[in-house]
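Note sheet for the following structure.
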């Protein structure tokens, strides 16, 4: 079976700061960190839930922004497969960071309390589910959302949707189901994010450039480091390239280290406003060193955010792709 998108994972680095005082950022890969941009639109409440009934002692701390742009944070303890809603903050506009206090038996989701779609599936496969006939007809409409099976075959399983074909209603999920859904499976699709259990257990989900602020004069740059990993057991990705797919703000550039699997930071004593040495930043497509990402190999990606004086706060995303061929 060839490499599929679910085999190519995006992880964080060892040191991804929340402030401008932490030093020597970047470093090696952290397979417990997942990097995502997650908004809640329309603004509303969040809830946490596990796919395993026994997950009742672990907590999830969610930090985000409310509709007015203020940073809010709240921690809740899991109650197994029963959703637990936030109570102190009920108006979430985006998720900035989420941290799971300990490992869990199941996959854990942060869901918008208001579902995007509920219904009964038409069919399912190893890593797919066919939504009901009335589901949205736009390709990738549900991409990036959380799907939870709330009844029928495979009940309580949680996955992230990584692709969706509007004509067929088929959603592809980021990891194979433990039990394939079928025509009895009841589903819930919502905005949010998933602490995956496989292939590596995720305990932190975050946006890059946490709480970056524009200067009062001149230009200020921020740096963060991510990693792509080929998690396929045997196959290599050849002609491997990192491609900037979308940058709506036009303020982010990226660069690759000279070698795969590097553990470099931006230097002792340097905070996230200091560029790592030897990295060229722009938006051009870049070949992975040796042009191949073999099974288990990683490639670091440094991001550079440029903010000019007076830049207003923006809620946006940034999309990188790892492309190539399977051998």
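Computed from the coordinates by the stated procedures, all read-outs in this text should not be read as laboratory data. Model, not experiment: these values are computed from the prediction. A quick note on method: Cβ atoms are made from the backbone with ideal geometry, for glycine too, and the neighbour counts reach across all protein chains shown.
Calculated FRET efficiency, residue 120 to residue 43, Cβ-Cβ distance, R0 = 30 Å: about 0.55 to the nearest 0.05.
Across the chain, the fraction of Cα-Cα pairs farther apart than 25 Å, rounded to a whole number, is 52%. At 7 Å along the Cα-to-beta-carbon direction for both residue 182 and residue 70, put a label point, then send me their distance in nm to one decimal. In this crude spin-label approximation the distance works out to 5.2 nm.
Full extension of the segment from residue 268 to residue 143, taken as 0.36 nm per residue of separation minus the current Cα-Cα distance, would add 41.1 nm.
So if each residue of separation counts as 0.36 nm, and I subtract the Cα-Cα distance between residue 79 and residue 311, what length gain in nm does that give? Please list the in-between numbers first.
On the way: separation 232, 0.36 × 232 = 83.52 nm, distance 4.21 nm.
Taking residue 79 through residue 311 to full extension adds about 79.3 nm, to one decimal.
By its C-alpha gyration tensor, with a ≥ b ≥ c as the square roots of the eigenvalues, how is segment 1-134 shaped: rounded for a/c under 1.5, else prolate for a/b larger than b/c, else oblate? Here segment 1-134 falls in the oblate category.
The modelled label-to-label distance for the pair residue 18/residue 168, using points 7 Å beyond Cα in the direction of Cβ, is 4.3 nm.
On the principal axes of its alpha-carbon atoms, segment 117-190 has extents of 26, 22, 19 Å, going from largest to smallest.
Could you calculate the contour length gain from residue 325 to residue 89, that is, 0.36 nm times the residue separation minus the distance between their Cα atoms, to one decimal place in nm? Mind dumping the intermediate values first?
Numbers: separation 236, 0.36 × 236 = 84.96 nm, distance 4.56 nm.
Additional length available on full extension: 80.4 nm.
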